[in-house]
Amino acid sequence: REHDAKRRDITINALYWNPISGDLYDPCSGEQDLNEKLVRFIGNPTERIEHDALRLLRVIRFRAVINGQYHPDTFNAIHRKAKLIILLSGTRRLQELEKMLLSPHPEIAFEDMWETDILEHLLPELYLCKGVGQPKEYHLEGDVWNHVMKLISSFTEDHGIDVRIAGLFHDIGKPLTFR
């Protein structure tokens, strides 16, 4: 168990529950981090990301799911290594994006991807939506980015992944066609 736990990406993902004995095995202090809603890499954050760039998206998704915060070392490593996202296959990227869109707070994940520059390399067309104005009579929420974030935060369990992806991309052409 210890070896497997140390290979996990973040502390809150290295908790083991024994349903028979009722014991919690927590070799990486994940319970404390979960109680504090803190997302922290196990070991050296830079090395964890370099070992598997998918961890960039997984960490962001976990933070959004628990509506938590990053440990500063984790956040700094994500930001420094954002460009590694281009190493991932389209399939792996899409799987994580779908999980984010199906989570309770997809807008948190997308804001984090924008802030850490991951989105610039993952979905550059979406990254460009921030700051692109829209007519105030139709969009009181502001720019295209705010509009998309408001939309994806309004999804309910009745909305399938097809609707969520359509919502995410419905205005993606506006930055390049804005005049």
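Quick check: net charge around N67, other residues with Cβ under 15 Å of its Cβ, Lys/Arg +1 and Asp/Glu -1? Present the calculation step by step, with values, prior to reporting the outcome.
Details: positive: K37, R61, R63; negative: D33, E36, E107, E111, D112.
With Lys, Arg at +1 and Asp, Glu at -1, the neighbours total -2.
Angle check, please: helix 90-102 long axis (alpha carbons) against the longest principal axis of the chain (alpha carbons), in degrees 0 to 90, nearest 10.
Tilt of helix 90-102: around 90 degrees.
Place a +1 charge on the Cβ of each Lys and Arg in the chain and a -1 charge on the Cβ of each Asp and Glu, then give the dipole magnitude about the Cα centre in debye, rounded to the nearest 20.
On the way: 23 positive and 28 negative charges, 85 e Å.
I would put it at about 400 debye.
Relative to the longest principal axis of the C-alpha atoms of the chain, give the angle of the C-alpha long axis of helix 144-153, reported between 0 and 90° and rounded to the nearest 10°.
50
What value, in deg cm²/dmol to 500, does the helix sum -39500 (n - 2.57) over DSSP H runs of n ≥ 4 give at 222 nm once divided by the residues of the chain? Kindly include the intermediate steps, with their values, before the conclusion.
Working: 12 runs with 96 residues, N = 179.
Only helices count here, giving -14500 deg cm²/dmol.
How high is the FRET efficiency between E36 and S89 when r is their beta carbon distance and R₀ equals 45 Å, given to the nearest 0.05?
Efficiency computed from Cβ-Cβ geometry: 0.85.
Are any of the pairs K99/K130; K99/K174; K83/K136; K99/K150; K83/K130 more than 28 Å apart by Cα-Cα distance, and if so, which?
Working: K99/K130 23 Å; K99/K174 25 Å; K83/K136 35 Å; K99/K150 18 Å; K83/K130 19 Å.
The answer is K83/K136.
Using unit Cβ charges (K, R positive; D, E negative) and no other charged atoms, how large, in debye to the nearest 20, is the dipole of the stretch 5-90 about its Cα centre? Provide the component values of the computation, followed by the final result.
On the way: 13 positive and 10 negative charges, 85 e Å.
Approximately 420 debye in magnitude.
In square nanometres, what is one fourth of the surface area of the convex hull spanned by the alpha carbons of the chain?
Values: hull surface 48.1 nm².
Computed as one quarter of the Cα hull surface, the answer is 12.0 nm².
Which aspartates and glutamates does K37 reach when only Cα atoms under 20 Å apart count, and residues fewer than 8 places away in its own chain are ignored?
D9, D26, D73, E107, E111, D112, E115
For L24 and H139, compute 0.36 nm times the residue count separating them, minus their Cα-Cα distance, and round to one decimal in nm.
Numbers: separation 115, 0.36 × 115 = 41.40 nm, distance 4.90 nm.
Using 0.36 nm per residue and subtracting the Cα-Cα distance, I get 36.5 nm.
Once you list every other residue whose beta carbon is under 9 Å from the beta carbon of K150, what net charge do they have if Lys and Arg are +1 and Asp and Glu are -1?
Working: positive: none; negative: E107, E141.
Here the charged neighbours net out to -2.
Work from the charge dipole of the chain (Cβ charges, +1 for Lys and Arg, -1 for Asp and Glu, about the Cα centre) and give the residue of I10, G173, S29 farthest towards its positive end.
Projecting each Cα onto the dipole axis, the largest value belongs to G173.
So for the pair E50, I172, with labels modelled 7 Å out along Cα→Cβ, what separation do we get in nm?
3.2
Checking the a/c ratio against 1.5 first, then a/b against b/c, what shape does the Cα gyration tensor give for the stretch 101-151? Present the calculation step by step, with values, prior to reporting the outcome.
On the way: a/c = 2.73, a/b = 1.41, b/c = 1.93.
It comes out oblate by the Cα gyration axes.
Give me the three principal axis extents of the stretch 39-125 from the C-alpha atoms, as integers in angstrom, largest value leading.
29, 27, 19
Over the chain, what percent of the accessible surface lies on carbon and sulfur atoms, probe 1.4 Å?
Values: 5120 of 9840 Å².
C and S fraction of accessible area: 52 percent.
The values are calculated or read from the model by the stated rules, or taken from the named source; none is laboratory data. Predicted model, so just to flag it, every value in this text is computed and none were measured. FYI the Cβ positions are ideal-geometry reconstructions off the backbone, even for glycines, and counts take in every protein chain you see. Just the protein is used for accessible areas: all its heavy atoms, side chains included, with ligands, DNA and RNA removed. Shrake-Rupley method; radii C 1.70, N 1.55, O 1.52, S 1.80 Å.
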